[in-house]
Amino acid sequence: MVWFYAVFVFIFGAAIGSFLNCLAWRLYHNESLWGRSACPKCHKKIYWYDNVPLLSYLALGGKCRHCRQKIAIQYPLVELATACLFLLAFSLHFFGNEVDLFLTFSSRPLWLMVRDWLLISFLVVIFIMDLRWYVIVDEISLPAIVIILLINLALGMSWTALLSSAIIGSGFFALQYVISHGRWVGSGDIRLGALMGVALGWPKILVALMLAYLAGAFIGVFLIAFKKKHLKSAIPFGVFLAPATLVALWWGPALWQWYAGLLF
Ligand SMILES: [Zn+2]
């Protein structure tokens, strides 16, 4: 039975990924969230059957039906990634659990999964927008902070732990923002730091920050070595913070123990 749900979760995740692609585009371009999607190149409306997550991209050979120009690979990649992340969150909270999941709406694993799905969705939009346009918009980060905080409180996490790690997360970036006059990090990173704090609590927030800096340094050196970037290029740091948040959320305690074991 769990496999039946897994297939459903994957399809649901792909559909949400499709919506997040559209949300990121419309937020950046200040377009209404209502109304049908159009091809960004020829501006023709996209038929519903050309808008099926993953499948339409394959069926159309990655090209618009009208103008035959390429559809950005971002679209199927985000749909696939969201589907996989939704499935991962589902499996982490439900595999090995004997409960008949969706029938027990009061069950804790269900709410943990819903919290993770929401966090994934917010972070996917932040990732897309920071990577493409170097912005983290308040329309995403502020509702995300409130919603994730409320769910975590409802799940019984201590508000002092959440609040203090939110202060650590946002303070860490606020300090860099002030010292560098906004050259090292953007003001959006401060809000993202607060989101990471309320999502993770202590000490997972530290794990996430460390992971993001390790990944950022590693990929930064790689890009400089291959001359894709130079030392003073702007780095959209949310691109590292978003995945690091999910890794710390799911495997933070294990990573923390492993790291502490190395030290002592
Ligand atoms: Zn077109």
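Cross-chain or 8 or more residues apart, Cα under 22 Å: how many lysine pairs in the chain fit that? Count them up, please.
6
Once the piece of chain linking V247 and I167 is laid out straight, how much longer is it, given 0.36 nm per residue of separation minus the C-alpha distance between them?
26.8 nm
Read-outs throughout are calculated quantities, based only on the coordinates presented, and are distinct from any laboratory measurement. Only a predicted model underlies this, so the values are computations on that prediction, with no experimental measurement involved.
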